[in-house]
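K.L.:
Encoded as structure tokens, here's the structure I'll be asking about.
The values are calculated or read from the model by the stated rules, or taken from the named source; none is laboratory data. These numbers come from a predicted model, not from an experiment. Every residue, glycine among them, receives a Cβ derived from its backbone with ideal geometry; neighbour counts consider all protein chains shown. Keep in mind that these areas ignore ligands, DNA and RNA; they rest on the heavy atoms of the full protein, side chains included. Shrake-Rupley method; radii C 1.70, N 1.55, O 1.52, S 1.80 Å.
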Amino acid sequence: MLTKLMNFMSTKFAPRVNKIVANPWVSGIQSSMLTGLPLVFVGSLITMISILNNFFDWMPDLSLMSTFSFGMFGLIIAFFLPYYVMENKGHSDNKLISGATSLVLYLLLLFPTIEEGQISFTLSRFGIEGMLVAIITGLFVAVIMNFMASKSFFDEDSSIPDFVIRWFDNLLPITLLLFVGWLITIQFQVDLFQVIQSIFKPVAGIVSTYPGFVLSVFIPVFLYSFGISGWAVFPVFYPIYMANLAGNIDAVASGGVAANVATQETLYALIYIGGTGTTLALAIMMAFISRSQQLKAVGKAVVVPSIFNINEPLVFGAPIAFNPYLMVPMWINGLLVPTIVYGIMSWGWVDIPSSTFLLWYMPYPLASYFATQDFMAIIWCIVLFAITWAVFYPFFKVYDKSLLKKEEEENSNL
């Protein structure tokens, strides 16, 4: 059964997924999010520094730095999504104007208040709460600009300078895009932000449940075990995680408690110990208790990156990918760990994250504390490490023994 599954994944499923990931539109969404992550990291650093406010009264309030970095993520997506799509589609000459047009249209679709010549926006809509509006805006702009990029009002042998031709050729699509935005927001008084939130809420609600959360963790783990990066599903789950975090931040700010376990911060707090699949225990086993020379050598090479939650060398070097010995325990941990984490956070044993923390490369258990600001997270990080060790150990021993036997046979034939 496992052999059939591996053959299907390697020959049919994996190539198709990789083709989807390489699609210029999907790639554009991924690239726009990755480009904006440094600003999110700034917000994470401010979160870490702000913890010092609990101990030192003289510490300045740096929260506005987070507001104008992490809190502007929607603006970043709105600009870079059509930028990268146009680049991927081979229209690099139009990528900057496409990004700028998307940015302007995004501001219009955020449903600003216009009174006596003054325009005011709701600040929170510029950040993660407005990310879905940004994605839809960016894709819409990319569709129109891509369609019009191959059309021109001028002949190819025209004597008019190229930059002037581009100006005039872009007038029509830009006018059309802004006219659509004007119709939606001004003429029909439709708050697209609220419409999208109401449509998206049931989907977010599913991911926020126990089975939905576990599935959102397991799918990247399962794909990764077949050599498909978890980034393939990044655009699907990340907006939901971000929206849930925004809900937690708002709840705590209004005097309530965080209730959404399904956030990226939860993954970085207790689930991604060593990287996707919670693989740090395996890396340490390989480095220090392997009897096989091959496995020990790989372990020594991958243990340091794994401490900083970089496990590509482990996944492809051990390898875990397409290796039944190690794929199965990673699947088990991919279901078991999020189950435990969802339980302990839902029962109040560990605080649910209510501030941004995306420093995924911070070693554990420091990451556990900074993501949750709860010392109990450190204890549970150690417990989870022990559990994943227990899951990996019997599979690791069998694999190590098989490699050792193979090495002894090869040495005896020399």
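K.L.:
Would you work out what percent of the accessible area of the chain, with all protein chains in place, is carbon or sulfur (probe 1.4 Å)?
P.N.:
68
K.L.:
So, how do all the Cα-to-Cα distances of the chain break down into 10 Å bins, in percent, from 0 on up?
P.N.:
5, 19, 26, 23, 15, 8, 3, 1, 0
K.L.:
Multiplying the sequence separation of Gln293 and Trp25 by 0.36 nm and subtracting their Cα-Cα distance, what value in nm do you get?
P.N.:
Extra length available between Gln293 and Trp25 comes to 92.0 nm.
K.L.:
Which of the three applies to the range 187-281, rounded, prolate or oblate, going by the alpha-carbon gyration tensor with a ≥ b ≥ c and a/c under 1.5 meaning rounded?
P.N.:
Oblate, since a/c reaches 1.5 and b/c is not below a/b.
K.L.:
Another question, if that's okay. Given a 10 angstrom Cα cut-off, can you work out which residue in Pro329, Pro24, Pro202 is the most mobile in a GNM of the chain?
P.N.:
Among Pro329, Pro24, Pro202, the largest GNM mean-square fluctuation belongs to Pro202.
K.L.:
If you fit an axis through the alpha-carbon atoms of helix 192-207 and take the longest principal axis of the Cα set of the chain, what angle between them do you get, 0 to 90°, nearest 10?
P.N.:
10
K.L.:
Here's another thing I want to ask about it. What are the extents of the Cα atoms of the range 240-291 along their three principal axes, in Å, largest first?
P.N.:
56, 19, 10
K.L.:
Once you put a point 7 Å from the Cα of Asn53 and another 7 Å from the Cα of Ala251, both along the Cβ direction, what distance in nm separates them?
P.N.:
Distance between the two pseudo-spin positions: 2.1 nm.
K.L.:
Tell me the relative contact order for the range 277-377 as a rounded percent, counting alpha carbon contacts under 8 Å between residues six or more apart.
P.N.:
22
K.L.:
Roughly how big is the chain's charge dipole about its Cα centre, with Cβ charges of +1 (Lys, Arg) and -1 (Asp, Glu), in debye to the nearest 20?
P.N.:
Value, rounded to 20: 1440 debye.
K.L.:
Continuing with this model, one more query. In the structure shown, do any of Lys296/Lys397; Lys89/Lys201; Lys19/Lys151; Lys89/Lys151 have a Cα-Cα gap over 21 Å, and if so which?
P.N.:
The pairs that break the limit, which is 21 Å between Cα atoms, are Lys89/Lys201; Lys19/Lys151.
K.L.:
Just the accessible area per residue of the range 219-340, please: how many Å² with a 1.4 Å probe?
P.N.:
On a per-residue basis, 32 Å².
K.L.:
Taking every eigenvalue of the Cα gyration tensor of the range 249-388, multiplying by 5 and rooting it, what semi-axes result, largest first, whole Å?
P.N.:
31, 14, 12
K.L.:
Tell me the mean residue ellipticity at 222 nm calculated for the chain from its helices only (DSSP H runs of n ≥ 4, each -39500 (n - 2.57), averaged over every residue, nearest 500).
P.N.:
Computed ellipticity for the chain at 222 nm equals -21000 deg cm²/dmol.
K.L.:
Between the helical axis of 95-109 and the dominant principal axis of the chain, each derived from Cα atoms, what acute angle in degrees is found, rounded to the nearest 10?
P.N.:
80
K.L.:
Right, next: What is the range 305-351 by shape, rounded, prolate or oblate, if you read a ≥ b ≥ c off the alpha carbon gyration tensor as root eigenvalues and call it rounded for a/c under 1.5, prolate for a/b larger than b/c, and oblate otherwise?
P.N.:
Oblate shape, in that a/c is at least 1.5 and b/c is the bigger or equal ratio.
K.L.:
Where does helix 73-88 land angle-wise versus the long Cα axis of the chain, in degrees 0 to 90, nearest 10?
P.N.:
The answer is roughly 90 degrees.
K.L.:
Using 0.36 nm per residue, how much length does the chain from Lys405 to Arg16 gain when fully extended, once their Cα-Cα distance is taken away?
P.N.:
The Lys405-Arg16 span can extend by a further 136.4 nm.
K.L.:
Name the most mobile residue of Phe322, Phe55, Phe70, meaning the one with the largest mean-square fluctuation, in a Gaussian network model of the chain with Cα contacts below 10 Å.
P.N.:
Phe55
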